[in-house]
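The values are calculated or read from the model by the stated rules, or taken from the named source; none is laboratory data. Bear in mind the structure is a predicted one, so any value in this text is a computation, not a measurement. Methodologically, a virtual Cβ is constructed for each residue, glycine included, from the backbone with ideal geometry; neighbour enumeration extends over all protein chains shown. Quick note on the areas: whole protein, heavy atoms, side chains included, nothing else; ligands and nucleic acids left out. Shrake-Rupley method; radii C 1.70, N 1.55, O 1.52, S 1.80 Å.
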Amino acid sequence: MVTSPKVVLITGCSKGGIGFSLCEEFASQGCKVYATARKLESMEGFAHENIEQLKLDVTSDEDVHEVISTVIEREGRIDVVVNNAGAACMGPLIDISMDDIRRTYETNTFSIIRMAKAIIPYMAARKSGTIVNIGSVVGETPTPWSGVYASTKSAWSSSVRAL
Ligand SMILES: NC(=O)c1ccc[n+]([C@@H]2O[C@H](COP(=O)([O-])OP(=O)(O)OC[C@H]3O[C@@H](n4cnc5c(N)ncnc54)[C@H](OP(=O)(O)O)[C@@H]3O)[C@@H](O)[C@H]2O)c1
């Protein structure tokens, strides 16, 4: 039986990071990969040709809905979403501005909830789909000065565990 390749959407795929390498790995396993990042030029240099590139800022409702619609229009489905995009926020709490804390929650926590709300209706209709969220060990065991970042990683975990 011939099966069609899995369609995989990955966030935060700038060159040099985990997302970029995940794209290459999924593509080398025969998947059709949609690599996304805030800037298309940050994803230059994929070796594998089965990787399409789309612009996606995970803090934008509009971008998330547009990218999901584009991939579904082209492929008919999304089998796997990897929420990889993330922002660091390290240092003593009293030195970190509320704007930076909000930005980190937008990128690391609300983005995952936003993506879940947007993609689950499609996956539920097909009764098929996998969402992979990239956490961090500090989400379980915070280290000194990692409090804000660590809390963003443990917060999404609770939010999507009990959908
Ligand atoms: N590296 C580690 O040791 C480690 C350990 C534990 C967990 N993690 C997690 O693993 C994931 C990948 O980390 P990494 O080490 O590969 O870091 P990285 O190289 O900094 O990659 C983070 C990616 O997220 C993107 N990003 C940031 N804000 C975004 C936004 N608003 N919309 C879309 N993309 C955005 C970045 O894009 P720009 O290039 O545009 O900034 C970049 O592509 C993150 O979730 C991180 O928290 C990493």
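Side notes on the structure shown:
- Here's how it looks for Val132: its modeled amide H is under 5 Å from those of Val81, Val82, Asn83, which are all 5 or more places away or on a different chain.
- Along the axis of the charge dipole computed for region 6-47 (Cβ charges of +1 for Lys and Arg, -1 for Asp and Glu, origin at the Cα centre), the listed residues Thr36, Gly17, Ala47 are led at the positive end by Thr36.
- When the C-alpha to C-alpha distance is required to be over 25 Å, the pairs from Lys32/Lys127; Lys15/Lys153; Lys39/Lys127; Lys32/Lys117; Lys6/Lys55 that qualify are Lys39/Lys127.
- Isotropically averaged projected area of the chain, using the convex hull of Cα atoms (one quarter of hull area), nm²: 10.5
- Simple label model, 7 Å out from Cα along Cβ direction - Ala88 to Lys127, nm: 4.6
- Coordinate range of the alpha-carbon atoms in region 65-145 per principal axis, descending: 47, 24, 16 Å.
- Loop GluC sites (Glu not before Pro), region 19-87, which have at most 11 other Cβ atoms in a 10 Å radius of their Cβ (DSSP): Glu44, Glu49
- Simple Cβ-charge dipole of the chain, Lys/Arg +1 and Asp/Glu -1, about Cα centre, in debye nearest 20: 520
- Lys/Arg +1, Asp/Glu -1 at C-beta; region 7-161 dipole; positive extreme among Ala85, Thr104, Pro142: Pro142
- As a fraction of the 1.4 Å probe accessible area of the chain, surface on carbon and sulfur atoms comes out at 54 percent.
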